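Data block below; observations after.
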Amino acid sequence: KTPSKSSHSSKRPHHQISQNPNPNPNPNSSIDQFKSRFEAYNRLQAAAVAFGEKLPIPEIVAIGGQSDGKSSLLEALLGFRFNVREVEMGTRRPLILQMVHDSSALEPRCRFQEEDSEEYGSPIVLASAIADIIKSRTEALLKTTNAAVSPKPIIMRAEYAHCPNLTIIDTPGFVLKAKKGEPENTPDEIISMVKELASPPHRILLFLQQSSVEWCSSLWLDAIRDIDPSFRRTVIVVSKFDNRLKEFSDRWEVDRYLSASGYLGENVRPFYVALPKDRNTVSNDEFRRQISQVDTEIMHYLRDGVKGGFDEEKFRPFIGFSSLREFLESELQKRYKEAAPATLALLEQRCGEVTSDLAKMDAKIQATSDVAYLRRSAMLHTASMSSHVGALIDGAADPPPEQWGKTTHEERLQSGIGGWPGVTATIKPPNSTLRLYGGAAFERVMHEFRCAAYSIDCPQVSREK
């Protein structure tokens with residue numbers, strides 16, 4: 001666990017944890033064990049994403065509206081800025097941030113995992129280039145898939161002396177209306193994708209909402225309740241808390257607001273966080289100093305600016321960025337330890353399946369030394385292919401057209417022409433959105449040709465001609 005400026009011991013609600021009253025007598029050994037465990041889970045996560053495998057790896061999923069401060073919180077956890085807002089990072093693809101605390105990394109070392117591979121690319125020298133890479137990768141994938149959003153994540157590993165050991169999945173921010181040029185159902189697609197990302201029970205939900213929004217009028221709280229009705233695995237963060245402070249003058253006002261009673265339940269305690277508003281370019285050291293200063297100013301106002309202060313014993317552990325960071329790291333460490341047996345059992349099962357498949361492949365390879373066996377196999381394969389060719393030409397649905405067929409739009413893109421020459425009208429034949437191949441695709445394109453031909457007006461012919 002990385003060091004933090006303050007520690008607080010307090011009873012946590014049921015979805016949060018209490019700090020260990022009997023710390024490990026050998027803290028260095030405990031830290032080394034956690035780092036090793038964290039590295040192992042990071043490698044598993046990278047491999048799982050590359051090969052499309054689903055493993056019950058404990059992860060934190062950041063959820064919130066597009067302007068609720070998710071990006072600023074991620075930068076604060078990383079300990080440096082990279083102009084994340086300027087390209088609206090994460091608005092259309094999830095971003096998995098693997099933060100690794102490395103005391104030797106005095107400057108951030110960031111690498112992106114290659115698409116469809118478990119290997120990582122070269123370190124990024126300029127922090128400003130990170131946002132550009134995220135933007136270019138997102139645009140390239142969405143152009144290929146012809147979609148407004150994609151659940152395929154981008155993975156970035158950040159090693160830094162001032163970041164904690166955390167893995168956070170930054171999800172696309174909820175929006176009420178699609179941006180110009182996007183399909184109208186983009187907001188619904190984002191909600192559906194976020195719910196799918198947050199639904200696995202091994203994932204912790206980090207839900208952010210601005211302090212200016214009342215719980216009774218929250219736009220996205222119901223979406224969180226659909227995923228986690230009792231908030232047992234949800235950490236709620238009230239962002240931009242400094243915008244609300246000036247409204248409090250008496251202790252009872254502060255305590256009532258901090259308790260959030262009546263809307264979230266008695267056992268749910270949100271974290272209240274504020275971060276620097278200054279977006280000017282500053283050094284990484286100055287950025288972290290500003291974060292610490294904001295925490296100090298909030299506590300100073302609650303203690304001295306409010307008549308009677310506030311219930312410090314009850315609410316102090318939930319106020320400030322440093323409290324949230326400390327809690328997230330300790331909670332993830334606890335989840336890693338709890339998930340280890342189930343993860344190992346699943347890996348052993350996968351290893352057994354792979355070993356069995358390898359044994360079968362080895363037997364097939366050994367059989368290739370038998371010429372008679374090869375001749376017989378070739379004849380059987382040829383006969384099988386011949387029997388299927390006729391059916392495929394007729395447009396049979398074997399193999400599955402969802403995988404091998406193409407829509408009308410995809411056929412046009414791959415033709416290199418893009419549209420029918422000389423035709424300005426929109427040509428949309430029946431079943432244009434279905435994936436077809438073979439005879440069925442041929443019949444559709446012939447129908448499309450007839451529609452295109454009929455849409456062309458014949459030129460006017462003079463009497464003389």
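The values are calculated or read from the model by the stated rules, or taken from the named source; none is laboratory data. Keep in mind that this is a model prediction, so the values were computed, not measured. Every residue, glycine among them, receives a Cβ derived from its backbone with ideal geometry; neighbour counts consider all protein chains shown. These area figures cover heavy atoms from the full protein model, side chains too; ligands, DNA and RNA do not enter into them. Shrake-Rupley method; radii C 1.70, N 1.55, O 1.52, S 1.80 Å.
Rounded to a whole number, what is D in µm²/s for segment 60-171 from Stokes-Einstein with the Kirkwood radius over alpha-carbon pairs (25 °C, 0.890 mPa s)?
For the chosen part, D equals 173 µm²/s.
Cross-link candidates for Lys314: which lysines have Cα within less than 20 Å, leaving aside residues fewer than 8 places away along the same chain?
Straight-distance partners of Lys314: Lys5, Lys11.
How do 161-174, 407-420 rank on mean C-beta neighbours within 10 Å, highest first? Don't skip to the answer; put the middle values down first.
Working: 161-174: 22.6, 407-420: 12.9.
In descending order of packing, they fall as 161-174, 407-420.
Using helices alone, I'd like the mean residue ellipticity at 222 nm for the chain: each DSSP H run of four-plus residues gives -39500 (n - 2.57), total over residue count, nearest 500.
-14500 deg cm²/dmol
Would you mind checking Lys195/Lys334; Lys152/Lys177; Lys70/Lys277; Lys143/Lys180; Lys54/Lys406; Lys135/Lys179 for any pair whose Cα atoms are more than 19 angstrom apart? Each step should come with its number before you reach the end.
On the way: Lys195/Lys334 24 Å; Lys152/Lys177 22 Å; Lys70/Lys277 14 Å; Lys143/Lys180 16 Å; Lys54/Lys406 28 Å; Lys135/Lys179 16 Å.
Pairs exceeding the cut-off: Lys195/Lys334; Lys152/Lys177; Lys54/Lys406.
By a straight-distance test (C-alpha under 17 Å), which aspartates and glutamates pair with Lys307 as possible cross-link partners, with residues fewer than eight away in the same chain excluded?
Glu247, Asp250, Glu253, Asp255, Glu297
Are there trypsin sites (Lys or Arg not before Pro) in segment 166-261 that DSSP marks as loop and that have at most 14 other Cβ atoms within 10 Å, and which are they? Please list the in-between numbers first.
On the way: sites: Lys177, Lys179, Lys180, Lys195, Arg203, Arg225, Arg232, Arg233, Lys240, Arg244, Lys246, Arg251, Arg256; in loops: Lys177, Lys179, Lys180, Arg232, Arg233, Lys240, Lys246.
Filter output for segment 166-261: Lys177, Lys179, Lys180, Arg232, Lys246.
Suppose a student asked you for the relative contact order of segment 243-336, using Cα pairs under 8 Å spaced at least 6 residues apart; what percent would you report?
Rounded, it is 40 percent for segment 243-336.
Using just the Cα positions, wrap segment 258-341 in a convex hull and report its mean projected area in square nanometres, one decimal place. Walk me through the numbers on the way to the answer.
Details: hull surface 33.3 nm².
For the Cα atoms of segment 258-341, the hull's average projected area reads 8.3 nm².
How much space per residue, in cubic angstrom, does the convex hull of the C-alpha atoms of segment 347-465 take up?
Taking only Cα atoms, segment 347-465 has a hull volume of 203 Å³ per residue.
Roughly how many Å is it from the Cα centre of segment 164-232 to that of segment 281-345, as a whole number?
Centre-to-centre distance over Cα atoms comes out at 22 Å.
Work from the charge dipole of the chain (Cβ charges, +1 for Lys and Arg, -1 for Asp and Glu, about the Cα centre) and give the residue of Leu245, Ala40, Leu78 farthest towards its positive end.
Leu245
Taking only protein heavy atoms into account and a 1.4 Å probe, give the accessible area per residue of the chain in Å².
Averaged over the residues of the chain, the accessible area is 55 Å².
Of the GluC sites (Glu not before Pro) in segment 66-158, which ones lie in a loop per DSSP and count no more than 11 other C-beta atoms within 10 Å? Before the final figure, lay out the partial values.
Details: sites: Glu75, Glu86, Glu88, Glu114, Glu115, Glu118, Glu119, Glu139; in loops: Glu88, Glu114, Glu115, Glu118, Glu119.
Listed in order of number, the matching sites are Glu119.
Taking just the alpha-carbon atoms of segment 147-186, what radius of gyration and Dmax come out, in angstrom?
15.1, 43
Determine the dipole magnitude for the chain: charges of +1 sit on the beta-carbon of Lys and Arg, -1 on that of Asp and Glu, nothing else is charged, the reference point is the Cα centre, and the result goes in debye to the nearest 20.
Dipole of the chain, to the nearest 20 debye: 160 debye.
Calculate, in whole percent, how much of the Cα-Cα pair population of the chain lies beyond 37 Å.
When every Cα pair of the chain is considered, 42 percent fall beyond 37 Å.
In nanometres, what is the gap between the two model label sites at Glu348 and Asn431, each 7 Å from Cα along Cα-to-Cβ?
Taking the two extended label points, one gets 5.1 nm.
Report, to the nearest whole %, how much of the accessible area of the chain belongs to carbon and sulfur atoms, 1.4 Å probe, protein only.
55
Can you find, among Tyr160, Leu142, Leu126, the residue farthest towards the positive end of the dipole of segment 106-165? Put +1 on the C-beta of Lys and Arg, -1 on that of Asp and Glu.
Leu142
Between Ala359 and Lys465, what FRET efficiency follows from the Cβ-Cβ distance if R0 is 56 Å, with the result rounded to 0.05?
According to the calculation, E is roughly 0.10.
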